[in-house]
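Read-outs throughout are calculated quantities, based only on the coordinates presented, and are distinct from any laboratory measurement. All values derive from a computational prediction rather than experimental measurement. Using ideal geometry, Cβ is built from the backbone for each residue, glycine included, and neighbour counts are taken over all protein chains shown.
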Amino acid sequence: MPLKATIIPVTPFQQNCSLLWCDETMKGALVDPGGEIERLLEACKDNGVTLEKILVTHGHIDHAGGVAELSERNDLPIEGPHQEDLFWIDGLSEQGQQFGIGPAKPFTPTRWLNHGDQVSFGNVTMDVLHCPGHTPGHVVFYEPQSGLACVGDVLFNGSIGRTDFPKGDHPTLINSITQNLWPLGDDVVFIPGHGPMSTFGEERKSNPYVADSALK
């Protein structure tokens with residue numbers, strides 16, 4: 001399987017920025033570069049990866065705060081999130097002040113993503129799933145061959161995303177998880193936006209918010 005991945009936690013929120021790359025071409029993408037651009041570029045160098053693009057799951061600053069700088073410095077296209085998160089991206093500088101992370105520039109994605117779209121780098125192609133609830137424009141990236149998903153703040157090991165932000169919605173989030181993620185299969189390994197990795201099967205057994213037993 002050509003897809004390789006490593007996680008680089010960034011910002012005071014310890015957000016899991018994922019470096020994904022094709023092992024056949026050594027071309028890759030950074031998912032949710034929230035900040036600490038030098039560290040992210042060093043990780044690319046250490047792994048011998050040539051960056052092709054930036055992928056964004058949603059517009060919160062810990063996930064999107066470094067996107068504009070990284071794109072401008074390395075002339076990289078930006079793909080994602082869904083256009084419903086435009087208001088979050090437009091407010092990145094205000095988010096930076098609110099959370100004390102520092103200035104973050106808004107950006108316009110090269111390509112907004114919709115459910116059913118695909119993104120690619122090297123010989124790797126990932127499916128795009130629109131999974132609103134945490135934010136209205138949140139997307140998930142899934143690679144069927146390796147069974148790996150980058151789910152942002154939709155789902156965590158033992159928890160789910162917050163829904164108390166503007167345009168967040170708890171029933172919508174539960175629906176996104178059960179209708180979009182679970183059908184991909186219990187064996188899918190996922191990288192969450194924060195914390196350790198897990199599988200959909202494990203969360204269906206033990207996650208107090210979305211376990212099968214909790215939703216009956």
Taking R0 as 30 Å and r as the Cβ-Cβ distance between residue 197 and residue 98, the FRET efficiency 1/(1 + (r/R0)^6), rounded to the nearest 0.05, comes to 0.55
For residue 76, what is the net charge nearby, where nearby means another residue's Cβ is under 13 Å from its Cβ and Lys, Arg count +1, Asp, Glu -1?
-1
Among 62, 164, 32, the residue with the largest mean-square fluctuation in a Gaussian network model of the chain built from Cα contacts under 10 Å is 164
Can you tell me the FRET efficiency between residue 41 and residue 216 if r is taken as the Cβ-Cβ distance and R0 is 41 Å, rounded to the nearest 0.05?
0.30
Quotient of C-alpha Rg and 2.2 N^0.38 Å, computed over the range 1-73
1.01
Mind checking which of 14, 83, 98 has the largest fluctuation in a GNM of the chain, springs on alpha carbons under 10 Å?
98
Cα extents of the range 166-216 along the three principal axes, largest first, in whole Å?
30, 27, 19
Per DSSP helix of 4 or more residues, -39500 (n - 2.57); summed, then divided by the residues of the chain. What does that give at 222 nm, rounded to the nearest 500?
-5500 deg cm²/dmol
Mean-square fluctuation maximum in Gaussian network of the chain, Cα pairs under 10 Å, restricted to 33, 103, 136, hits 103
In the chain, what % of DSSP beta bridges are antiparallel (nearest 5)?
70 percent
Pair-distance profile P(r), taking every C-alpha pair of the chain, with 5 angstrom steps and integer %:
1, 8, 17, 21, 22, 16, 10, 5, 1, 0
Under the classification rounded if a/c is under 1.5, otherwise prolate if a/b is larger than b/c and oblate if not, where does the range 32-120 fall, given a ≥ b ≥ c as square roots of the Cα gyration tensor eigenvalues?
oblate
Given Cβ point charges of +1 (Lys, Arg) and -1 (Asp, Glu) and nothing else, what value in debye, to the nearest 20, does the dipole of the range 1-160 about its Cα centre take?
140 debye
Members of 4/205; 53/167; 4/216; 45/205 lying beyond 30 Å, as alpha-carbon distances in this model show
4/216; 45/205
